[in-house]
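K.L.:
One structure, pasted below without further comment.
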Amino acid sequence: MREARYFYVPQAGQRDELPSEEARHAVRVLRLVEGDEIFLIDGAGSFLRCTITLAAPHHCAYRVEETQAQQPTWRGHIHLAIAPTKDMGRMEWMKATEVGWDEVSFLDTQFSERRSLRADRIDKIVVAAMKQSRKAWKPVVNEMASFRAFVDAHQEGRRFICHCYPEIARQDFFDAITAQQGDAAGASDDITVLVGPEGDFSVEEVRYALDRGYESVSLGKSRLR
């Protein structure tokens with residue numbers, strides 16, 4: 001039995017041909033031919049089972065046979081905002097796509113060791129991870145923003161900042177999420193989580209976020225590498 005092949009095609013149901021890069025991969029690398037079955041991911045919650053109708057060196061056309069709408073992993077919108085590590089390899093291995101986060105932003109903080117990155121490269125890695133892990137939704141990838149600009153921008157729902165300062169009151173992040181699930185109906189399911197650089201957020205940054213409605217949390221008592 002032939003392995004199912006997945007391709008990322010935005011608005012796949014409204015077109016009939018793979019994007020050029022995906023077409024080259026399908027025809028030149030995978031050697032797919034007319035009549036072969038493929039699956040498309042539209043990045044907006046659906047898989048599409050398709051049949052290849054044309055396999056040429058620079059073009060790969062398809063016919064949609066079935067649209068398979070997927071159920072989201074959770075309700076609401078989960079937004080991870082993280083300060084990139086000095087070693088970009090670690091950021092590229094971040095499993096945000098595989099876990100299923102909805103949006104990822106990058107922060108320039110006081111103790112950041114990396115103050116720029118290529119969002120387009122991260123976006124390509126996200127697409128590859130989405131296909132490999134077979135996720136129906138593509139996370140939104142945002143350009144880097146300064147810490148204060150991000151905190152000042154409006155974010156829906158509950159907002160958390162993770163830090164390691166014992167002198168600033170914290171609750172366990174996972175306890176906070178569990179408590180939310182047991183709250184009265186009407187509580188927002190949207191969540192924003194801030195994660196700092198290797199040197200943590202500064203005390204001033206934590207207090208700045210708390211003054212603007214963020215909740216102070218930790219990721220537990222263990223020291224995380």
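K.L.:
Rolling a 1.4 angstrom probe over the protein heavy atoms, how many square angstrom per residue are accessible across the range 118-174?
P.N.:
Values: 3260 Å² over 57 residues.
With all protein chains present, the range 118-174 gives 57 Å² per residue.
K.L.:
Which sequence of Glu22, Glu215, Glu37 reflects their accessible areas, 1.4 Å probe, from the largest down? Could you put the intermediate results ahead of the total?
P.N.:
Numbers: Glu22 20, Glu215 45, Glu37 95 Å².
The ranking, largest first, comes out as Glu37, Glu215, Glu22.
K.L.:
Here's another thing I want to ask about it. Could you work out the percent of alpha carbon pairs in the range 72-151 separated by over 17 Å, rounded to a whole number? Display every interim value, and only then the final one.
P.N.:
Values: 1382 of 3160 pairs.
More than 17 Å apart: 44 percent of the Cα pairs in the range 72-151.
K.L.:
Where does each of Asp190, Asp87, Asp211 land when they are ordered by accessible area, with a 1.4 Å probe and the largest first? Before the final figure, lay out each step's value.
P.N.:
Details: Asp190 40, Asp87 80, Asp211 125 Å².
Descending order: Asp211, Asp87, Asp190.
K.L.:
Let me ask another. What FRET efficiency, computed as 1/(1 + (r/R0)^6) with R0 = 35 Å and r the Cβ-Cβ distance, is obtained for Ser116 and Asp152, rounded to the nearest 0.05? Could you put the intermediate results ahead of the total?
P.N.:
Working: r = 21 Å, r/R0 = 0.59.
Working from the Cβ atoms, E equals 0.95.
K.L.:
Also, quick follow-up: Which chymotrypsin sites (Phe, Trp or Tyr not before Pro) in the range 73-158 pass both tests, a DSSP loop state and at most 16 other beta-carbon atoms within 10 Å?
P.N.:
Values: sites: Trp74, Trp93, Trp101, Phe106, Phe111, Trp137, Phe147, Phe150; in loops: Trp74, Trp93, Trp101, Phe111.
Here the sparse-neighbourhood loop sites are Trp74, Trp93, Phe111.
K.L.:
Tell me the carbon and sulfur percent of the accessible area for the chain, rounded to whole percent, probe radius 1.4 Å. Intermediate values should be presented prior to the final figure.
P.N.:
Numbers: 6230 of 12860 Å².
Of the solvent-accessible surface of the chain, carbon and sulfur hold 48 percent.
K.L.:
Sticking with this one: With a 1.4 Å probe and every protein chain left in place, work out the accessible area per residue of the range 1-105 in Å², rounded to a whole number. Intermediate values should be presented prior to the final figure.
P.N.:
Details: 5890 Å² over 105 residues.
On a per-residue basis, the range 1-105 sits at 56 Å².
K.L.:
If you bin the C-alpha pair distances of the chain every 10 Å from 0, what whole percents do you get?
P.N.:
7, 28, 29, 19, 13, 4, 0
K.L.:
Treat each spin label as a single point 7 Å out from the Cα along the C-beta direction, and report the Glu143 to Arg24 distance in nm.
P.N.:
2.6 nm
K.L.:
Starting from the residue with the highest accessible area, list Met130, Met88 in decreasing order, probe 1.4 Å.
P.N.:
Details: Met130 0, Met88 35 Å².
Ranked list, largest accessible area first: Met88, Met130.
The values are calculated or read from the model by the stated rules, or taken from the named source; none is laboratory data. Being a predicted model, the structure only gives us computed values, none of them experimental. We place every Cβ from the backbone using ideal geometry, glycine too, and count neighbours over all the protein chains shown. To get the accessible areas, we keep the full protein, side chains included, count just its heavy atoms, and leave off ligands, DNA and RNA. Shrake-Rupley method; radii C 1.70, N 1.55, O 1.52, S 1.80 Å.
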